[in-house]
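I have placed the structure first, in the form of structure tokens, so that the comments after it can refer back to it.
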Amino acid sequence: MANLPLLSLLFLLFEPRHSLSLSVDMGVEAPKSFHEEGIQDERLVSNGTLDFRGRQANKQRTGGWKASPFIIVNEVAERLAFFSIAVSMVSYLVFEMHESIPTAATLVNDWVGAAYVLTLLGAFLSDAYLGRFLTVILFSCIYAVGMVMLTLSASLSGLRPPACAGLGPGCDPPTSAQSGFLYAALGLIALGTGGIKPCVSSFGADQFDENDKSEMTRKYSFFNWFFFAINMGALMGITVMVYVQVTKGWVFGFAVPTALVVLSVVTLALGAPLYRFQKPTGSAFSRFLQVLVASVRNHLRGIVIKEDTILYEVETPVSAIPGVQKLPHTRQYRFLDKAAVSRSGEEQRRSSNKWNLCTVTQVEELKSLVRVLPIWASTIALSLSFSQLSTFFIVQGRTMDRSLPNSSLIIPPGSVPIFSSANAIILVPLYEGVVVPFLRKRTGHKRGITSLQRMGVGLFLSIFALLSAAVIEKKRVQNAIEEGIVDSRLKTSTMSVFWLLPQFFLLGSAEVFTYVGQLEFFYDEATDGTRSLSSALFLSEFGIGSWLSTALVTIIQRCTGGEKSGWFRNNLNASRLDLFYWVLAGINVVNFVVYVVVALRYKGTNVDSSRSVVDESIMFPKESKVKDEDEKEMKAVI
């Protein structure tokens, strides 16, 4: 909560026309919804969100920047806890649990991977049953339990192997019970953050009515500030918390973020009267499977989509999916349209068996997910590079001179990623306050550049980040050879850790562009019933990237001679980490080329507010026909 005034001040600087009042008048009865009165009430939201009493949300008393600070402060606290663990876990595993450096790096990559892939579970529960708010609350409690267990692992000597000076064969390995307790703690933390991550950003975006132009503009700013919050938490996690770990020990280093996780739950709950809530829409996976089954069945029955084919939609103002607005028909993936073909007149059209007949909206919901999969797949390689921030980049920093110029202060190894987080803290306000207005005047685009272009910039920068890392690592090893410390795993060289600044700066800049672009893109392209799922889809990239990093390290290690003579050894000075960075740079080059091709061909229904021209009978319930003159191909975004 101590960061709320600071964040509020920053919001005021860049959002001067919008009030940040956190007060709410609960004594005034909310007006009836426009659905009840049959007309649009400008005081009410038009996207179907409700207030905490279950009524149509009132724009003047809920949502917007009145509610967003609570969500953002919650994110700051959660990210602080996660990153304070992520950047220090390699050191904890090596020096407290006596694991080798390659093994520790692999375990951390696997743990981070699990945390992000589990976002799919959180998204499913959120969209289908619990809603975003309750999902965040529930998984935050699971998160807190895992943090308590981690603190106990550091507190109780029986949960760690005996203390040992140095590294290597002379140290006792952990018992299976000790390792199991630690892995259980990390597993609960991964499950907790996995449930939270896909819901928080979508829940924050839900506070802005996408049918209100002024609120839509503020929603774009929210994504930038949400990313700012992530890096604010990361920055404090890798500085303040790491400093606590170094000066006060692991117990305090884990206990403080544990307390902050608990406080983050309280902070989020305090904002409940101000939030706008989306109702759960049921299982999107079930609806997707119904469309696939119905499409295959109709295909086997010989159904062919023609120009005059009638597609089924319910004759009601809202869709058959609770809480989901009707979606217009698009011409992509027309095989799926077979699920909405009416085969036997009025009786079939009124059938309640969705495994035989689906609505246009249900079909388009699946199309919206399939449509973004190529973009998703062509950005995964960047996450493979990001995974080095919490593993090998930190191990590199540990071997170098970390003292500040003209000072007795020494940067802890876990704080080395400060170069990346501080870069993001600087770039986000600069980008939002200076670059976006400048680009907006030049391009006429409300965001300055499109989400896909923004992601492309990040992918391009990542290439140079890895090239820089390879060159600097070669120089670091050469310096170690000249100083005669190649055979030492504990001595540090005289080469300053600030040599790592370019790779951290470039990779941090890549993250600023790509991450926020993905937040915007995947939220905009999602439907009402798949917002959390869409967010989880792009977050899962980080998990898959971490697992790919583990797989790549394992393959290279086996092919080059293992820990004794391969590229990755327990002694980093004798390793060939520079060659590994060259491999990653090559992968990023190929990935960038693939992404450009995919992005140029991308066609979507919602991206950057571009929509196809469709028959209005799809939007307002009546039977519709598939006609070329009524359906134009989407323009490529780039």
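The values are calculated or read from the model by the stated rules, or taken from the named source; none is laboratory data. Computed from a predicted structure; not experimentally measured. As a convention, Cβ positions derive from the backbone with ideal geometry for all residues, glycine included, and neighbour counts pool all protein chains shown. These accessible areas exclude ligands, DNA and RNA; they are computed on the full protein's heavy atoms, side chains included. Shrake-Rupley method; radii C 1.70, N 1.55, O 1.52, S 1.80 Å.
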Search result, residues across region 383-409 that are charged (D, E, K, R) and either surrounded by fewer than 18 Cβ atoms within 10 Å (Cβ to Cβ) or assigned to a loop (DSSP other than H, G, I, E, B) (or both): ASP401, ARG402
Extreme residue, modelled with the lowest pLDDT, among residues of region 342-358 that are within 15 Å of ILE305 (Cα to Cα) and open to solvent by 10 Å² or more (accessible area, probe 1.4 Å): ARG343
Failed item, numbered, when GLY586 is tested on (1) of a type outside the set (Phe, Trp, Tyr); (2) in contact (Cβ under 8 Å) with a residue 24 or more places away in the chain; (3) under 30 Å from VAL457 (Cα atoms): (2)
Return the pairs, sorted by first residue and then second, in which the second residue is acidic (Asp, Glu) and surrounded by 14 or more Cβ atoms within 10 Å (Cβ to Cβ), the first residue lies in region 256-274 and is closer than 10 Å to GLU78 by Cβ, the beta carbons are less than 7 Å apart, and the residues are 6+ apart or on different chains. VAL261/GLU78; SER264/GLU78
Which of (1) touching a helix residue (DSSP H, G or I) at 6+ places or on another chain (Cβ under 6 Å); (2) crowded, with 19+ Cβ neighbours inside 10 Å does GLN178 not meet, given it meets every other one? (2)
Within region 410-417, does at least one residue satisfy the condition of being modelled with pLDDT of 75 or more, part of a strand (DSSP E or B) and open to solvent by 20 Å² or more (accessible area, probe 1.4 Å)? yes
Here are some residues: ARG558, ARG569. Which one is out of contact with any helix residue (DSSP H, G or I) (no Cβ under 8 Å at 6 or more places or on another chain), under 23 Å from LEU107 (Cα atoms) and not aliphatic (A, V, I, L, M)? ARG558
Report whether or not CYS199 is among the hydrophobic types (A, V, I, L, M, F, W, C) and more than 25 Å from LEU263 (Cβ to Cβ). no
Which pairs have Cβ atoms under 6 Å, sit 6 or more apart or on different chains, and link a residue in region 311-335 that is charged (D, E, K, R) to one that is part of a loop (DSSP other than H, G, I, E, B)? GLU313/THR359; GLU313/PRO621; GLU315/PRO621; LYS326/SER319; ARG331/GLU631; ARG334/ILE305
Would you tally the residues in region 254-282 being in a loop (DSSP other than H, G, I, E, B), in contact with a Phe, Trp or Tyr (Cβ under 7 Å, 6 or more places away or on another chain) and open to solvent by 20 Å² or more (accessible area, probe 1.4 Å)? 1
Among the candidates LEU186, LEU138, single out the residue that is modelled with pLDDT of 90 or more and open to solvent by 60 Å² or more (accessible area, probe 1.4 Å). LEU138
For the structure I just gave you, tell me whether VAL251 is aliphatic (A, V, I, L, M), more than 14 Å from the chain's Cα centre (by Cα) and open to solvent by 20 Å² or more (accessible area, probe 1.4 Å). yes
Could you check region 436-554 for helices (runs of 4 or more DSSP H) lying wholly inside it with 1 or more residues that are of a type in the set (Gly, Ala, Ser) and touching a helix residue (DSSP H, G or I) at 6+ places or on another chain (Cβ under 8 Å)? 451-483, 501-525
Quick one: which of VAL486, VAL436, VAL516 is farther than 30 Å from PRO405 by Cα, surrounded by fewer than 21 Cβ atoms within 10 Å (Cβ to Cβ) and of a type outside the set (Gly, Ala, Ser)? VAL436
Filter region 53-81 down to the residues that are over 30 Å from TYR116 (Cβ atoms) and of a type outside the set (Lys, Arg), then identify the one that is surrounded by the most Cβ atoms within 10 Å (Cβ to Cβ). ALA57
Test: residue in region 550-561 that is at pLDDT 80 or above, open to solvent by 20 Å² or more (accessible area, probe 1.4 Å), within 30 Å of GLY282 (Cα to Cα) and among the β-branched types (Val, Ile, Thr): no
Does LEU292 satisfy the condition of being part of a helix (DSSP H, G or I), open to solvent by 10 Å² or more (accessible area, probe 1.4 Å) and more than 30 Å from TRP355 (Cβ to Cβ)? no
All but one of (1) farther than 30 Å from TYR431 by Cβ; (2) open to solvent by 70 Å² or more (accessible area, probe 1.4 Å) hold for VAL471, so report the exception by its number. (1)
Of all residues being open to solvent by 10 Å² or more (accessible area, probe 1.4 Å) and out of contact with any Lys or Arg (no Cβ under 8 Å at 6 or more places or on another chain) in region 203-215, which is nearest to LEU533 (Cα to Cα)? Just the residue, please. ASN211
Pair list, Cβ < 6 Å and 6+ apart or interchain, from region 538-554 residues that are of a type in the set (Val, Ile, Thr) to residues that are in a helix (DSSP H, G or I): ILE544/ILE380; THR550/THR106; THR550/ASN109; THR550/ASP110
Are there any pairs with C-beta distances below 8 angstrom linking a residue in region 473-485 that is in contact (Cβ under 8 Å) with a residue 24 or more places away in the chain to a residue that is of a type in the set (Ser, Thr, Tyr) and in a helix (DSSP H, G or I), with the two at least 6 apart or on different chains, and if so which? GLU473/TYR581
